[in-house]
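Below is one structure, written out as C-alpha cells, with a few remarks after it.
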Amino acid sequence: MNLHDTARAILRQNDQGRYTLPTHGLYPYQWNWDSAFAAWGFTTFDPERGWRELETLMSGQWDDGMVPHILFHRTDPGYFPGPDVWQGRGPIPSSGITQPPVAASFMAKMLSMHPEGEQRARILWPRLKSWHDWFMKWRLDQGAVCVTHPWEAGRDNAPDWDRAMRLIDVSEIGDYTRRDTSHVDPSMRPTKYDYDRYLKLVQLGVSVSWDHEALKKINPFRVADPTMTFTLLRANRDLRDMGKVFGEDISVIDNWITTLEQGATTLWNEDIQGYDSRNALTGEFNGILSNASALCWYAGINNEAARPSVERMLAAATYGLPSFDPEADGFEPLRYWRGPTWPVMNYLVGSGMEEMGLCDLAGRIKNDTAQLMQRNGFAEYYDPISGRPAGGDSFSWTAAVWLGWAGDSFVTEKGVA
Ligand code: DGY
C-alpha cells in the first residue's frame, strides 16, 4: 500500500460514522482540533464525510457559543477523565473547556477544495462566529487569548505552563486512576505532577458548573498564550473572508482582528526573542521558547525577529520543528509536548511560513514532516533527534497532514508515494 492509501485507511479505521477518533484506545472520543484536521483529511478523498465531521463537532456547541474540547458521544471506560468527571453543560456530554479554534480555517480550506460544500459552510459560518465571539468575550487579556487549562491549548504538558502550574494547590485532589499510561509508555506522557494539576482545574470548573464568570474568580490558571492567540487570529481572517463571500456582516470580525494583532504584541518576550506565554494573573512571562512562537506566520504576522530562534531550534534537531528548544534544560525528546516533533504543529507553522514567503524554512519543515511519516508511519509525535515514533499510532491528524500537505511533494516528484 502506498502512503496515501495508508493515510486514507487510518482515517477510515478511526471513523465512527459522524466523527473521527484521534486514535483507538488512547483517545476514544471526538477531540475538537483533531476533528477539524480529520475533516480536512477526509475532504481530500471523501468531501461529504469531511463536512459531516465539522457538523458533528459544531453540534456539541454550548448555548453560550463555546465548542468543547472533547465530545463524549459514547462512554468509554478506557479514558480518564470521562463525562462523569467533567460534567460539561452542553447538548452532548462534554468537557468544560475548549481547544485551539482551527475549525474555521479548515472550513475555508475545505471550501476551496470542494466548492460544492458552500451551502453547508454557510450554515456552519454563524456557529463558528459565535464560538469566536465567545473567545473574545471570555478569554482576552490585553488583547491576547488566554487558556484556563493546559489542555485548552491542546499542548498539554508544554513547558509554556511551567511557571503558572507551580501556583496550583493540589493538596485536596483525592485519588484517581489514569488510563492514558495503560495505552502508551508512561515516559512519553505527562507526569503525575502534571495530572494532579490538570485534575484540580477540572474539579474547580465542576464546582461552579462551568460558569465562566464564577470560574474566572477562582481559577488559579489563566495564561495568555501564543497558540490560542495566533490560531484565533488566523481563524478570524478566514472567517471574515468567507463571510464577505456569503454576504454576512463582518464588521465586528475586523475589530476582533485588530484587537488580536495588538494582543499578539503583548506576548513578545525580548529575553527569549520569541512569543511567550504570559500569566494573566501575575503578569509574568514564562520565559521558555517552544514551537508555539513560530505560529506567528500562520496568523499572518511576519515578524523577522522571531526567525532566528526558530532557525536555532531547527538546527539543533534532525527532524524539526521540535516542540521545545532542544538546547534548553528539561528538553525530553519523547515526552509529549516537552521535545517531540508534531506533524500538526509543523503543518500550521510550515503552511503559514509558505504563505508569508519563508520558503526555505517552510521547505525544511515540510520535508522533515514527510520524512518522519515515510520512515516511521503515522504516529502522534516523533523524537526530533532519532525520528522514533511516539505516543499513539495510526493517528488521524497525522494522516490528514500527509494527505493535505506533507505528501504533496511526493505526489508531484515521484508519482504517488
Ligand atoms: C489527553 O487526555 O491527553 C488529552 O490531551 C486531553 O485533552
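Just need the relative contact order of the chain here, percent rounded to a whole number, with Cα pairs under 8 Å and 6+ apart.
On the way: 798 pairs, mean separation 73.8, N = 417.
After rounding, I find 18 percent.
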Quiz item: Under a Cβ-Cβ cut-off of 15 Å, what is the net charge of the residues other than Arg312 that fall near it, where Lys and Arg count +1 and Asp and Glu count -1?
Solution: -4
Quiz item: For the range 157-237, with only Lys/Arg (+1) and Asp/Glu (-1) charged at the beta-carbon, what is the dipole magnitude about the Cα centre, in debye rounded to 20?
Solution: 260 debye
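Roll a 1.4 Å probe over the protein chains and send me the accessible area per residue for the range 304-353 in Å². Show your work: numbers first, answer last.
Numbers: 1380 Å² over 50 residues.
Computed with neighbouring chains in place, this is 28 Å² per residue.
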Quiz item: How about Lys137: which lysines have a C-alpha closer than 27 Å to its C-alpha, ignoring those fewer than 8 places off in the same chain?
Solution: Lys109, Lys129, Lys200, Lys216, Lys217, Lys244
Exercise. Given the options Thr177, Thr23, Thr341, state which has the largest fluctuation in a GNM of the chain using a 10 Å cut-off (strictly under) for Cα springs.
Key: Thr177
Quiz item: Applying 1/(1 + (r/R0)^6) with R0 = 41 Å to the Cβ-Cβ distance of Asp360 and Asp64, what FRET efficiency is obtained, to the nearest 0.05?
Solution: 0.40
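I want the local charge near Asn376. Using Cβ-Cβ distances under 14 Å, sum +1 for each Lys or Arg and -1 for each Asp or Glu among the other residues.
Here the charged neighbours net out to -2.
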Quiz item: How much area per residue is accessible in the range 5-59 when the probe is 1.4 Å and only protein heavy atoms are counted (Å²)?
Solution: 25 Å²
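Tell me the carbon and sulfur percent of the accessible area for the chain, rounded to whole percent, probe radius 1.4 Å.
Working: 7010 of 14530 Å².
On the chain, the fraction of accessible area on carbon and sulfur atoms equals 48 percent.
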Practice problem: Just name one of Thr282, Thr266, Trp297: the one whose Cα is farthest towards the positive end of the charge dipole of the range 221-308 (beta-carbon charges, Lys/Arg +1, Asp/Glu -1). | Solution: Trp297
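Given a 1.4 angstrom probe, what's the average accessible area per residue across the range 77-183, in square angstrom?
Numbers: 4210 Å² over 107 residues.
Accessible surface, normalised per residue, equals 39 Å².
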Self-check item: Added length on full extension, which subtracts the Cα-Cα distance from 0.36 nm per residue, Val252 to Arg18
Solution: 81.0 nm
Quiz item: What is the distance, in nm, between label points placed 7 Å from the Cα along the Cα-to-Cβ direction at Ala9 and at Lys137?
Solution: 4.7 nm
Self-check item: Residues of the range 150-192 with amide N under 15 Å of a point placed 7 Å along Cα→Cβ from Asp329
Solution: 162-163
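First check a/c for the range 1-87, with a ≥ b ≥ c the square roots of the eigenvalues of its C-alpha gyration tensor; if it is under 1.5, answer rounded, and if not, answer prolate when a/b is larger than b/c or oblate otherwise.
Values: a/c = 2.83, a/b = 1.44, b/c = 1.96.
In terms of gyration-tensor shape, oblate.
The values are calculated or read from the model by the stated rules, or taken from the named source; none is laboratory data. The model shown is predicted, which means the values in this text are computed figures rather than measured ones. Note that we place each Cβ from the backbone using ideal geometry, even for glycine, and neighbour counts take in every protein chain shown. Protein only, heavy atoms only, side chains kept; ligands, DNA and RNA dropped before computing areas. Shrake-Rupley method; radii C 1.70, N 1.55, O 1.52, S 1.80 Å.
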